[in-house]
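Undergrad: The structure is given below, and queries will be raised subsequently.
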Amino acid sequence: MPITIVPSGAALGAEIRGVDLAGEIDPATMHEIRQAFFQHEVVYFRNRELSDDDHIRFSERIGELRTGKHRTFRLHRPEFIVVSNIVENGQHIGSYDAGILWHTDGAHFAQPPVASLLHAVEVPEKDGRTLGATRFASMTAAYEALSSSMKKRIEGLEALHSVLHRDNKSKLEGNKPVELGEEEKKNLQAVRPVVRIHTATGRKCLYVSEGYTSKILGIPEDESKDLLTELTAHCTQLRFVYTHSWRTHDLVMWDDCSTQHKATFDYALPLRRLMYRTTVSRYS
Ligand code: SIN
């Protein structure tokens, strides 16, 4: 099946055309998709009407899925995280603040995920314009753009990634963070290298985020604070960012090692946003 890869023109991101995600995909095509994914770090398939089974089946072609360990929302399927602002019977049906701060998914898990696939089921729209875009920043480009003295300074450093940090920051910004599920309570924080090596490409990626990274270990607290402020501001500059303006039935797959992301909250009910996300724990 001939496929076409159309780079977004930003530091990362490419559209993949010509793949029937719901059908059989031969190994050569899957190889091309994987290569494009590792090269562009975020890939998207436009306007592919996918059933939940199609979404899960395609995600399983990428790797092993994290299942049934998500927050205590009304689970649509154990493979899905529901990301939504919709309220039914007085209850949120999904995570309503996912992506409110820059982050990589599951930085606090014992085993951080390698990729996430988000399918747009309902996209808010006003005056002919879609809202609720997602911004992605390239952590390889951000790392490469650091000065050589900064690269030397952060080599070998480790940082603490914590859900509580995310919740506190979110509260400071006037949001009520979603309640933690049992699995998240067990996995509240983890120590990670500030620079990590991508397992598939061998490229160095900056691994700190405003959402989850609470401190850099082994250096004085004020130094850690200043360094984190500098690194988190550096890594989300526009020159490293691709903004995905969603259309209904888009499927976007992002690399959880070489990117971080942040959603745009420029809509509110009655404008509805409904997304299903699968999370890949490891590549197959
Ligand atoms: C997420 O952070 O997983 C969701 C991003 C989005 O809702 O755009």
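Undergrad: Taking into account only those residues within region 210-226 that are outside any loop (DSSP other than H, G, I, E, B) and not β-branched (Val, Ile, Thr), which is nearest to ALA98 (Cα to Cα)? Give the derivation first.
TA: Pass one, region 210-226, residues outside any loop (DSSP other than H, G, I, E, B): 213-216, 221-226.
Narrowing further to those that are not β-branched (Val, Ile, Thr): 214-215, 221-226.
On the way: SER214: 18, LYS215: 21, GLU221: 28, ASP222: 29, GLU223: 29, SER224: 26, LYS225: 24, ASP226: 26 Å.
So, considering only residues that are outside any loop (DSSP other than H, G, I, E, B) and not β-branched (Val, Ile, Thr), the one nearest to ALA98 (Cα to Cα) is SER214.
Undergrad: Continuing with this model, one more query. Of all residues in region 122-133, which are surrounded by fewer than 21 Cβ atoms within 10 Å (Cβ to Cβ) and under 29 Å from ASN187 (Cα atoms)?
TA: Filtering region 122-133 down to residues surrounded by fewer than 21 Cβ atoms within 10 Å (Cβ to Cβ) leaves 122, 124-131, 133.
Correct list: ALA133 only.
Undergrad: If the requirement is being modelled with pLDDT under 95, of a type outside the set (Phe, Trp, Tyr) and within 14 Å of the ligand (Cβ to nearest atom), which of these qualifies: VAL252, VAL178, VAL280? If you could, list the steps in order and put the result at the bottom.
TA: Values: VAL252 fails: modelled with pLDDT under 95; VAL280 fails: modelled with pLDDT under 95.
Going through VAL252, VAL178, VAL280 in turn, the sole match is VAL178.
Undergrad: Looking at (1) within 16 Å of the ligand (Cβ to nearest atom); (2) touching a Pro at 6+ places or on another chain (Cβ under 7 Å), can you tell me which one TYR207 breaks?
TA: So the condition that TYR207 fails would be (1).
Undergrad: Looking only at region 103-120, which residues are within 12 Å of the ligand (Cβ to nearest atom), at pLDDT 95 or above and of a type in the set (A, V, I, L, M, F, W, C)?
TA: Across region 103-120, the qualifying residues are ALA115, LEU117, LEU118, ALA120.
Undergrad: Restricting the search to region 258-279, which residues are surrounded by fewer than 23 Cβ atoms within 10 Å (Cβ to Cβ) and not acidic (Asp, Glu)? Spell out how you get there, then give the answer.
TA: The initial filter retains those residues of region 258-279 that are surrounded by fewer than 23 Cβ atoms within 10 Å (Cβ to Cβ), namely 262-272, 274, 277.
If the condition is that a residue be surrounded by fewer than 23 Cβ atoms within 10 Å (Cβ to Cβ) and not acidic (Asp, Glu), then LYS262, ALA263, THR264, PHE265, TYR267, ALA268, LEU269, PRO270, LEU271, ARG272, LEU274, ARG277 are the ones that fit.
Undergrad: If a residue has to be within 16 Å of the ligand (Cβ to nearest atom) and farther than 13 Å from TYR207 by Cβ to count, how many in region 130-160 make the cut? Spell out the reasoning first.
TA: At the first step, the residues of region 130-160 found to be within 16 Å of the ligand (Cβ to nearest atom) are 130-137, 139.
Cutting the leftovers down to farther than 13 Å from TYR207 by Cβ gives us 130-136.
Within region 130-160, residues that are within 16 Å of the ligand (Cβ to nearest atom) and farther than 13 Å from TYR207 by Cβ number 7.
Undergrad: Can I ask one more? Would you be able to tell me the number of residues in region 255-277 that are touching a Phe, Trp or Tyr at 6+ places or on another chain (Cβ under 7 Å) and more than 10 Å from the ligand (Cβ to nearest atom)? Even if it seems obvious, please write down each step before you answer.
TA: To start, the set of residues in region 255-277 that are touching a Phe, Trp or Tyr at 6+ places or on another chain (Cβ under 7 Å) comprises 255, 259-262, 273, 276-277.
Still in the list and also more than 10 Å from the ligand (Cβ to nearest atom): 255, 259, 276.
Adding up the residues that qualify gives 3.
The values are calculated or read from the model by the stated rules, or taken from the named source; none is laboratory data. Only a predicted model underlies this, so the values are computations on that prediction, with no experimental measurement involved. When we count neighbours, we look across all protein chains shown, and the Cβ atoms used for this are built from the backbone with ideal geometry, even at glycine.
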